[in-house]
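The values are calculated or read from the model by the stated rules, or taken from the named source; none is laboratory data. The structure displayed is predicted, hence computed values, not measured ones. Because the Cβ atoms are built from the backbone with ideal geometry, glycine has one as well, and the counts that use them run over all protein chains shown.
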Amino acid sequence: MPSSKPIDATATPATPFFERWGNRLGLGFMRVLACLPLSWVRALGWVMGQVLHAVASRRRRIARTNWALCFPEDSTLERHRAVRRHFVYFAQAWLDRSWLWEGSEAKVRARLKVTGATHELHSDQPTLLLGPHFVGMDAGGTALALLQPRRYACIYLSQINEEVDRWMRAGRLRFGTVRLVEKQQGLRTVVHSLRSGEALYLLPDMDLGPEESVFVPFYGVPAATVPTLPRLARLAGAKVVPVVTRLTRNGYEVEVLPAWTGYPGRDPVADTALMNRRLEGMIAGMREQYYWVHKRFKTRPPGEPSLYGRD
């Protein structure tokens, strides 16, 4: 994503002014939310989710298509109800960034919990933290940095808007020892990060286009998937530790799963397919919290039609 906007010949001199103040009002709103009880933030997220579900017709259609492809056994009514709940979780998680990035440390600590195989984090061994795209992925990163001391790194894609970019960077760097690796820095920088003892928080489960992707099943549907996980694990000699973040009534629970044994193997395509199969198991217990508004099956094998119709 570019870091600056293209020149718009139709823009008036007032456009930057209104944009700047709109950004400031939005960030100010998030700072106000950080002071409110969690139940109020979640209630507002419920309302926001209902509104988004009603007005964001394109994203609603994408989510319903994804759900139908992945869970064909569900009825139309079940699918529509699940997608509506997903929009609510999505909105609640977005508003939760207010207290995650602006609330007091005591408040953040009280609302986050890390469970499971936390011993996997207690060394400087090269470690890839597989963080699937659940709505609480930012809370997962914050929880690990705050509650499980270690040096961490994550790949960061700069935002177009400079004020929003500064806010997001500050939020992700707020606690612990975290380094943001710019996406354009390339594979060599990431491998060096892992070998130096930084645990890399990696989210490789989206359709990033045909370049460097392989087609492997995701819920039985061929999905363009980057083989980044096995490739980095092999190059850096890193273990793979899945991290699942669940939005709960009281905040978030982050479960650290045991490191995968015998991974990666010799075939990166088979290793990528295995990643998707295990991801399906992680999604099973919290289906509505996975990121269904993304076109996971946008890139199709040669000759196959779009699964999303025409936008």
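Details
Listed here are the residues, each with its yes/no results for (1) under 28 Å from Arg59 (Cα atoms); (2) at pLDDT 95 or above; (3) out of contact with any Gly (no Cβ under 7 Å at 6 or more places or on another chain).
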position: Thr76; (1), (2), (3): yes, yes, yes
position: Arg79; (1), (2), (3): yes, yes, yes
position: Arg84; (1), (2), (3): yes, yes, yes
position: Arg109; (1), (2), (3): no, yes, yes
position: Leu128; (1), (2), (3): no, yes, yes
position: Leu146; (1), (2), (3): no, yes, no
position: Arg169; (1), (2), (3): yes, no, yes
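- The set of residues in the range 123-158 being hydroxyl-bearing (Ser, Thr, Tyr), more than 25 Å from Phe29 (Cβ to Cβ) and surrounded by fewer than 19 Cβ atoms within 10 Å (Cβ to Cβ) consists of Ser123 alone.
- For Met206, the criteria (1) part of a loop (DSSP other than H, G, I, E, B); (2) crowded, with 22+ Cβ neighbours inside 10 Å; (3) among the hydrophobic types (A, V, I, L, M, F, W, C) hold in every case but one, which is (2).
- Residue within the range 179-198 that is crowded, with 21+ Cβ neighbours inside 10 Å and either hydroxyl-bearing (Ser, Thr, Tyr) or not in a helix (DSSP H, G or I) (or both) present: yes
- Among the criteria (1) within 24 Å of Val164 (Cα to Cα); (2) modelled with pLDDT of 95 or more; (3) surrounded by 12 or more Cβ atoms within 10 Å (Cβ to Cβ), the one Arg31 does not fulfil is (2).
- Residue that is surrounded by the fewest Cβ atoms within 10 Å (Cβ to Cβ) [pool: residues in the range 79-122 that are more than 23 Å from Met48 (Cβ to Cβ) and touching a Phe, Trp or Tyr at 6+ places or on another chain (Cβ under 8 Å)]: Glu105
- In the set Leu247, Leu279, Leu235, Leu274, only one residue is part of a helix (DSSP H, G or I) and within 18 Å of Gly140 (Cβ to Cβ); that residue is Leu279.
- Which listed residue is acidic (Asp, Glu), surrounded by fewer than 19 Cβ atoms within 10 Å (Cβ to Cβ) and in contact with a helix residue (DSSP H, G or I) (Cβ under 9 Å, 6 or more places away or on another chain), from Glu280, Glu288, Glu304: Glu280
- Looking only at residues of the range 282-294 that are assigned to a loop (DSSP other than H, G, I, E, B) and aromatic (Phe, Trp, Tyr), we find that the one that is farthest from the chain's Cα centre (by Cα) is Trp292.
- Of the criteria (1) under 16 Å from Arg97 (Cβ atoms); (2) at pLDDT below 95; (3) not β-branched (Val, Ile, Thr), which one Leu44 fails: (2)
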